[in-house]
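Novice: First, the structure itself, so that you have it in front of you.
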Amino acid sequence: MAHRFFNQGLNLTYGFNHGEAERSYREAIRLDSTCAMCYWGAAYVLGTNYNAAMEEAKQAEAQRLTQKAVEYSHNATDWERALIQASVSRYSYEKTKDQSILDKAYAEAMSKVYEQFTSHDDIVSLYAESLMNLHPWDLYTRRGEPKPWTHEIVHTIESVLKRNPHHPGANHLYIHVVEASATPERGLASADRLYDLMPGAGHIVHMPSHIYIRTGDYHKGSMVNEKAAEVDSLYITNCNSQGAYPLVYFPHNIHFLAATAAFEGRGETSINAAFRVASHVDTTVMREAGMQTLQHYRMIPHYVLVKFMQWDHILTLPQPASDLVYPQSVWRYARGMAFAGKNKLPEAKQELKTLKTLMQDSTLKTITIWELNGADKLIEIASRVLQAEILRKEGNNNTAISLLQEATDIEDKLNYNEPPDWFFSVRHSLGAVLLENRQYKEAEKVFKDDLFFIPKNGWALNGLYQSLIGQKKLNEAREVKKQFGQAWQYADIELASSEVRPIAYRNINNEKFTGSYLAGLSTISVCSPGRK
């Protein structure tokens, strides 16, 4: 039975459900207190991972567990002892308290383990992860060119997949190491396999969407995130899941759904998902250091409602608390866009003025999304987009274009994340204004650039079609129109160029999303004891 819980812990580790993995490893220890690898696993999941740095409060326990693993390693196999010894390098706090130095030492130790056991799939996968953790979410340039350290990581994981194409850890990691590349389609085989490999692990079910959003398969991305949300809902309810997973990983499924549904033109699904994300946020926890990503989740409805031009709905949303500078800023941005959309320019200008005052608050610089992008950069984009929209309504398209180009430049300098932290491309607005100005050639370039970053998205395809018609490039326009028809086959909205043609959705009552919505149809096979 201890072996069963160790295996479950390892699979949950591969699924980035580190809290539940720890509980599995600890149950294995309870069943067999001399299991060296069970101590190793419990220590492993306390460390740095691709999505988060190690918490200082966990260092002592990680070191204690590693020492216990060493103590019982005399009965372990050669490869197990090698893994345990490498883990000692990761938690040697008597040498330094700087975790980044220790993580580098651990990766170097793992390289030696890898050299000994190059055909052991778990060791090779763990070695690749140790390299990834030195450069989290920093494997490619904005245009998908690999960083100097990326080739080794890709090659290492591919060696596992050649031997064992169904290894859950290797498939998960491979998606992460190719998603931001110029050729994300390399990850399609892993994405298609991963969906069924661990059907009770919501994050694994979700992971294919990291490829689908990059290859333009938005409907598939929506479907896997809907399924992942069902799986995680039942798991959280049945297993009384606690910690980061229910707070951050579970709503990420729905956050992702809001994006993929929007890219395929399913406005109602996107809006519903956005409010589900917001209703799940713990408004106390989102104020804590390291948890400010939840403030971003809380404001996703505002970004989505702006995208779908739901001006009246925006103006019904309550003002965030005064201590929440980032939510306050997004609220002002959305209201400004709503007033501009309703041609109430004095009110829009007042919102812009208040937004610019909020931008001076130094608190914005301390808030990040996943430790990747600062909230201050998002609000710099928002202020320019709002100001440009006001100028556009006043007929000053040339200045509006300049501001939108500035906003695009800031957007392009954001670190890679999925979905993008600036939720929807500024190029959609920029291209629309260029079309209004009959600058068709310039608009064509903007939309083609957008399609490079967000392939097959109907917003840019429709704008590109109109820019080609404006230049009388009829053959190319006909081909793009076909592509748009394919991209928009599930849509419930119509577009005017690269923006929504305002239509009346049935009133979506966001109050229905403020309660618990933890329900689902799928099952997870085993909960760690003590959590039912």
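The values are calculated or read from the model by the stated rules, or taken from the named source; none is laboratory data. Here the structure is a predicted model, which is why all the values come from computation and not from measurement. Reconstructed Cβ throughout: ideal geometry from the backbone, glycine too, with neighbour counts over all protein chains shown.
Novice: When you scan segment 120-156, how many residues do you find that are crowded, with 20+ Cβ neighbours inside 10 Å and either among the basic types (Lys, Arg) or over 22 Å from residue 372 (Cβ atoms) (or both)?
Specialist: 6
Novice: Let me ask you something else. Hand me the list of helices (runs of 4 or more DSSP H) wholly inside segment 102-220 holding 2 or more residues that are in contact with a helix residue (DSSP H, G or I) (Cβ under 7 Å, 6 or more places away or on another chain), under 27 Å from residue 262 (Cα atoms) and aliphatic (A, V, I, L, M).
Specialist: Fully inside segment 102-220 and qualifying: 168-178, 188-197, 202-206, 209-215.
Novice: Kindly provide the set of residues from segment 33-53 that are in contact with a Phe, Trp or Tyr (Cβ under 9 Å, 6 or more places away or on another chain) and in a loop (DSSP other than H, G, I, E, B), ordered by number.
Specialist: Once the filter is applied, which keeps residues that are in contact with a Phe, Trp or Tyr (Cβ under 9 Å, 6 or more places away or on another chain) and in a loop (DSSP other than H, G, I, E, B), segment 33-53 yields 33, 34, 35, 45, 46, 47, 48, 50, 51.
Novice: Would you mind stating whether residue 60 is among the small types (Gly, Ala, Ser) and either at pLDDT below 95 or within 22 Å of residue 123 (Cβ to Cβ) (or both)?
Specialist: No, not satisfied.
Residues are listed down the side, and each one gets a yes or a no for (1) free of Cβ contacts under 8 Å to residues at least 60 places away in the same chain; (2) closer than 30 Å to residue 483 by Cα; (3) in a helix (DSSP H, G or I):
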site: 256; (1), (2), (3): no, yes, yes
site: 259; (1), (2), (3): no, yes, yes
site: 262; (1), (2), (3): no, yes, yes
site: 265; (1), (2), (3): no, yes, no
site: 268; (1), (2), (3): no, yes, yes
site: 271; (1), (2), (3): no, yes, yes
site: 274; (1), (2), (3): yes, yes, yes
site: 278; (1), (2), (3): no, no, yes
site: 283; (1), (2), (3): yes, no, no
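Novice: Right, something else. Looking at (1) farther than 30 Å from residue 249 by Cβ; (2) hydroxyl-bearing (Ser, Thr, Tyr); (3) loosely packed, with under 15 Cβ neighbours inside 10 Å, can you tell me which one residue 490 breaks?
Specialist: Exception for residue 490: condition (1).
Novice: Give the residue, chosen from 191, 201, 170, 182, that is aliphatic (A, V, I, L, M) and surrounded by fewer than 18 Cβ atoms within 10 Å (Cβ to Cβ).
Specialist: Answer to the selection: 182.
Novice: So is residue 24 in a helix (DSSP H, G or I) and without any contact (Cβ under 8 Å) to a residue 60 or more places away in the chain or not?
Specialist: Values: in a helix (DSSP H, G or I): yes; without any contact (Cβ under 8 Å) to a residue 60 or more places away in the chain: no.
Judged against the criteria, residue 24 is not a match.
Novice: When you scan segment 459-475, do you find a residue that is at pLDDT below 85 and either aliphatic (A, V, I, L, M) or under 26 Å from the mean Cα position of the chain (by Cα) (or both), even just one?
Specialist: No, segment 459-475 contains no residue that is at pLDDT below 85 and either aliphatic (A, V, I, L, M) or under 26 Å from the mean Cα position of the chain (by Cα) (or both).
Novice: So which of 447, 424, 452 ends up being surrounded by fewer than 19 Cβ atoms within 10 Å (Cβ to Cβ), aromatic (Phe, Trp, Tyr) and closer than 29 Å to residue 219 by Cα?
Specialist: Of 447, 424, 452, the one residue that is surrounded by fewer than 19 Cβ atoms within 10 Å (Cβ to Cβ), aromatic (Phe, Trp, Tyr) and closer than 29 Å to residue 219 by Cα is 452.
Novice: Can you name every residue in segment 159-203 that is hydrophobic (A, V, I, L, M, F, W, C) and within 21 Å of residue 20 (Cα to Cα)?
Specialist: Of everything in segment 159-203, those that are hydrophobic (A, V, I, L, M, F, W, C) and within 21 Å of residue 20 (Cα to Cα) turn out to be 170, 173, 194, 197, 198, 201.
Novice: Here are some conditions: (1) under 15 Å from the mean Cα position of the chain (by Cα); (2) within 22 Å of residue 317 (Cα to Cα). Residue 247 meets all but one. Which one does it not meet?
Specialist: Residue 247 satisfies every listed condition except (2).
Novice: Got a sec? Which of 55, 27 is modelled with pLDDT of 95 or more and acidic (Asp, Glu)?
Specialist: Just a single option satisfies the conditions, and that option is 27.
Novice: Evaluate the following for residue 94: is it farther than 19 Å from residue 132 by Cβ, assigned by TED's automatic domain parsing to the domain that holds residue 15, out of contact with any His (no Cβ under 9 Å at 6 or more places or on another chain) and not in a helix (DSSP H, G or I)?
Specialist: yes
Novice: So is residue 402 over 26 Å from residue 136 (Cβ atoms), hydroxyl-bearing (Ser, Thr, Tyr) and surrounded by fewer than 16 Cβ atoms within 10 Å (Cβ to Cβ) or not? Lay out the reasoning, then the answer.
Specialist: Numbers: over 26 Å from residue 136 (Cβ atoms): yes; hydroxyl-bearing (Ser, Thr, Tyr): yes; surrounded by fewer than 16 Cβ atoms within 10 Å (Cβ to Cβ): yes.
Spelling it out, residue 402 is indeed over 26 Å from residue 136 (Cβ atoms), hydroxyl-bearing (Ser, Thr, Tyr) and surrounded by fewer than 16 Cβ atoms within 10 Å (Cβ to Cβ).
Novice: Among (1) buried (at least 20 other Cβ atoms within 10 Å of the Cβ); (2) modelled with pLDDT under 95, there is one condition residue 507 misses while meeting the rest; what is its number?
Specialist: With respect to (1) buried (at least 20 other Cβ atoms within 10 Å of the Cβ); (2) modelled with pLDDT under 95, residue 507 is out only on (1).
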